[in-house]
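Student: Have a look at this one before I ask anything.
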Amino acid sequence: MSIEIEAVSKSFGTFAALKDVSLKVPSGELVALLGPSGSGKTSLLRIIAGLESPDSGRILFDGEEATRRQVQERQVGFVFQHYALFRHMTVFDNIAFGLTVKPRKSRPGKQEIRDRVHNLLKLIQLENLADRYPAQLSGGQRQRVALARALAVEPQVLLLDEPFGALDAKVRLELRRWLRRLHDEIHVTSVFVTHDQEEALEVADRIVVMNGGRIEQQGTPSEVYDRPATPFVYDFLGSVNLFHGRVHEGTAQMAGFRVSSPENASAHDAPAVGYVRSHDIAIERDNAGSGGIKAEVRYLLSVGAMVRADLALNDGDRSIEAELPREEAERLKLKVGDHVYARPRKMRVFVEDYQI
Amino acid sequence: MAGVSGKNKVVPGFAPALGYTIFYLSIVVLIPLSGLFFKTATLSWADFVAAVTAPRVLASYRVTFGSSLAAALVNAFFGVLVAWVLVRYRFPGKKLVDALVDLPFALPTAVAGITLASIYSQNGWLGRYLEPRGVKVAFTPLGIAVAMVFIGLPFVVRTVQPVLEELDQEIEEAASCLGANRWQSFCRVLLPTMLPAILTGFALSFARAVGEYGSIIFIAGNMPMVSEITPLLIITKLEQYDYAGATAIATVMLVVSFVMLLCINLLQKWSRRFAE
């Protein structure tokens, strides 16, 4: 089922959580709402679910008006950050709950409920824990039960509110890959909220970046990551270095670098900000006409396959962060205190007016 | 139990703590109560049976335990309601209502008894409207239950309130997303979660009602066989210097109360089997 959100606004007291937000979620897609806390992403999710009602605007399910529909009638599966499992029920009863509260005439028989719950237990790989209580499960197991419970009623839409937020790093990684595979199997239209950009990039078909109650950008993970539309998106996705300078007729002058910036061809000596991702900073031993500037290695940190380097530029009054593959660092024989040349491979320049 | 005193506990001193607990409980509870049994033991078995099964005594058991049970049930129901309103809604004067709940705790029981008796008597504020309709409260067993409800109210409210406060709104939201209507959410999700607390409140309210004396004697009318509670009968025996007879009845009360509380505790344990 497709979801359309038309010009939705919502305020809580004087705080405007959503400002005129419009969004289309095509049927069968897995969409991530990504943003910092207070950006309105959870409010939007709750409005889709019917747990909150918008102050203005409309929600359409498959083109049909659903703004005034009750939560119970919307056929949405909702997964909460803190699982919200019924702690007095076993895993089995939790998953069966949605089926057992159906009105008598549409309620499946006992045997059918049992079969369906067992199929879901198989799906979440917890077949032997059917009789446990939620208190006896680990966080990852609880979240999987919550997911199975939401799926049991065969929802048209699956909504997940920071589903992995309360889990530790390893379980989170495992579970989000599992969610991706699950979605590839069942293709239910899904929207999940997260503030973790890595999670959004890895799991989602499409990413909607939100900030201050508005949508900043939406697109596929690579679109959003490679071509951020606004400084905010640049800043929020991945670690980034900021340069201040000026841009004039398509050429930017930033802290000693000269970069062409065709999208700002009409700018006339305007103040501008340049963004360079850490892994887009190239480090060289010599400066063979590449336009790099002198830098001193201040600090080196190996994080898995990558090496993170803090570089002090020129006279040392400012520093940037570069990330390079480990073998690259080994080839360069980088040591703290080395003098090297740094050069941005790619820089995105925004004229200062757009600054947030 | 040895595991509890393991070396890796933050607070040391399992042995002295347990020792002190037992010592304290002995002084405060066990020794006075065993005195009761020793005094009772001065009676022969036949005398004991005769003392505790006299028709007037049996009638008083029925009045006391029956009214207490009824009062505790009423309190369980309305206590949950009061707790619900206090937790879930905001209204002017909420703090005042919250404080009002504890009043039966603080009020001297005799004051409560006299107040209730005068309100429900023939010419009282409420009695004047109830009596013409054939509802006699003061000086009847119904009056006893009313007094017991009054003194037992805070127990259920105060045990259920924190549980309700802790209950996550998300639980209800999850239930309604799954298609449950309000009634189903309440019966199948909220009520089972509150049940252990309700049972605790029920047990406390019941126990308090069984032991209540001061507020009841003013409103009960104290007619033998009809509205005479067991604690009053014990006092009567004491006034007649029949100490052994008084302790015999007290012993029966004690044992019955203990068994009932034990049952409620087991029930409570069952109702929170999920919280392992």
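A short reminder: the numbers here are calculations on the coordinates, not readings from a lab. In this text the structure is predicted, and so the values were computed from the model without any measurement. Note: ideal-geometry Cβ built from the backbone for every residue, glycine included; neighbour counts use all protein chains shown.
Student: Considering chain A as a Gaussian network with a 10 Å cut-off on Cα pairs, which listed residue, A:Asp226, A:Asp93, A:Asp115, attains the greatest mean-square fluctuation?
Tutor: Highest fluctuation among the options: A:Asp115.
Student: Another question, then. Take B:Val135 and B:Leu36, extend 7 Å from each Cα along the Cα→Cβ direction, and tell me the distance between the two endpoints in nm.
Tutor: Placing both labels 7 Å beyond Cα along the Cβ direction yields 3.5 nm.
Student: Which shape class, rounded, prolate or oblate, goes with region A:239-354 when its Cα gyration tensor gives a ≥ b ≥ c as root eigenvalues, a/c under 1.5 marks rounded, and past that a/b bigger than b/c marks prolate?
Tutor: prolate
Student: Same structure, new question: Using 0.36 nm per residue of separation minus the Cα-Cα distance, give me the extension gain between A:Phe12 and A:Glu73 in nm, one decimal.
Tutor: Contour length minus the Cα-Cα distance gives 19.5 nm.
Student: If you don't mind, there's one more thing I want to ask. Taking amide H positions as placed 1.01 Å from N in the peptide plane, with prolines and chain starts having none, which residues 5 or more places from A:Arg277, or on another chain, fall under 5 Å of its amide H?
Tutor: A:Asn241
Student: Please give every one of the aspartates and glutamates within straight-line cross-link reach of A:Lys333, meaning a C-alpha to C-alpha distance under 12 Å, and leave out same-chain neighbours fewer than 8 residues apart.
Tutor: The qualifying aspartates and glutamates are A:Glu284.
Student: I want to verify a result. In a Gaussian network model of chain B, Cα cutoff 10 Å, which of these has the top mean-square fluctuation: B:Leu96, B:Leu107, B:Leu69?
Tutor: Most flexible of the set in this elastic network: B:Leu96.
Student: About the Cα centre of region A:217-356, how large is the charge dipole given +1 on each Lys and Arg Cβ and -1 on each Asp and Glu Cβ? Please answer in debye to the nearest 20.
Tutor: Around 340 debye, computed over region A:217-356.
Student: At R0 = 22 Å, how high is the FRET efficiency between A:Lys170 and A:Met306 if r is their beta carbon distance? Nearest 0.05 is fine.
Tutor: Efficiency at R0 = 22 Å is approximately 0.75.
Student: Please sort by residue number the chymotrypsin sites (Phe, Trp or Tyr not before Pro) in region B:89-179 whose DSSP state is loop and whose Cβ has at most 14 other Cβ atoms within 10 Å.
Tutor: Listed in order of number, the matching sites are B:Tyr89, B:Trp125.
Student: Sticking with this one: Is it possible to state the helix-based mean residue ellipticity at 222 nm for chain B, with each DSSP H run of 4+ residues giving -39500 (n - 2.57), the sum divided by total residues, to the nearest 500 deg cm²/dmol? What is it?
Tutor: Details: 15 runs with 198 residues, N = 276.
One gets -23000 deg cm²/dmol as the mean residue ellipticity at 222 nm.
Student: Any idea how far apart A:Ser37 and B:Ser44 come out in nm if each label point goes 7 Å out from Cα toward Cβ?
Tutor: Placing both labels 7 Å beyond Cα along the Cβ direction yields 7.9 nm.
Student: While we're here: Taking the Cα centre of the protein assembly as shown as origin, sum charge times position over the Cβ atoms of Lys and Arg (+1) and Asp and Glu (-1), and report the length of that vector in debye to the nearest 20.
Tutor: Working: 67 positive and 64 negative charges, 425 e Å.
My answer is approximately 2040 debye.
Student: State which stretch of chain B is the longest one without any exposed trypsin sites (Lys or Arg not before Pro), exposure meaning a DSSP loop state and at most 14 other Cβ atoms within 10 Å.
Tutor: Longest site-free region, per DSSP loop and neighbour criteria: B:91-272.
Student: A further question follows. Can you tell me which of B:Ala174, B:Ala246, B:Ala70 moves the most in a GNM of chain B? Springs connect C-alpha atoms under 10 Å apart.
Tutor: Per the Cα network of chain B with a 10 Å cutoff, B:Ala174 tops the list.
Student: Oh, and also: Need one number: nm distance between label points at B:Val111 and B:Tyr20, each 7 Å from Cα along Cα→Cβ, rounded to one decimal.
Tutor: 3.5 nm
Student: What residues have an amide H closer than 5 Å to that of B:Gly221, excluding those fewer than 5 places away on the same chain, when H is modeled at 1.01 Å from N in the peptide plane?
Tutor: The list, which skips near neighbours in sequence, is B:Phe139.
Student: For region A:29-70, give the magnitude of the charge dipole about the Cα centre (Cβ charges: +1 Lys/Arg, -1 Asp/Glu; no others), in debye to the nearest 20.
Tutor: Dipole size: approximately 160 debye.
Student: Spelling out what I want: for every residue of region B:255-263, take phi, set θ = phi - 60°, compute 6.51 cos²θ - 1.76 cosθ + 1.60 (Karplus), and round to whole Hz; glycine and proline get x.
Tutor: Along region B:255-263, the couplings run 5, 4, 4, 4, 5, 5, 5, 4, 4 Hz.
Student: Got a sec to turn the phi values of region B:26-34 into Karplus ³J(HN,Hα) couplings, 6.51 cos²θ - 1.76 cosθ + 1.60 with θ = phi - 60°, whole Hz, x for Gly and Pro?
Tutor: Using θ = phi - 60°, the values come out as 4, 5, 7, 10, 5, 5, x, 6, 5 Hz.
Student: While we're looking at this one, here's another question. With n ≥ 4 as the cut-off for DSSP H runs, can you work out [θ] at 222 nm for chain A, using -39500 (n - 2.57) per run divided by the number of residues, rounded to the nearest 500?
Tutor: Numbers: 9 runs with 91 residues, N = 356.
Calculated mean residue ellipticity at 222 nm is -7500 deg cm²/dmol.
Student: Using 1/(1 + (r/R0)^6) with R0 = 45 angstrom and r between the beta carbons of B:Leu103 and A:Glu185, what's the FRET efficiency to the nearest 0.05? Don't jump to the answer; show the numbers that get you there.
Tutor: Numbers: r = 61 Å, r/R0 = 1.35.
Here the calculated transfer efficiency is 0.15.
Student: Which of rounded, prolate or oblate describes chain B when judged by the alpha-carbon gyration tensor and an a/c cut-off of 1.5? Walk me through the intermediate numbers first.
Tutor: On the way: a/c = 2.15, a/b = 1.16, b/c = 1.85.
Oblate is the answer for chain B, as a/c is 1.5 or above yet b/c matches or exceeds a/b.
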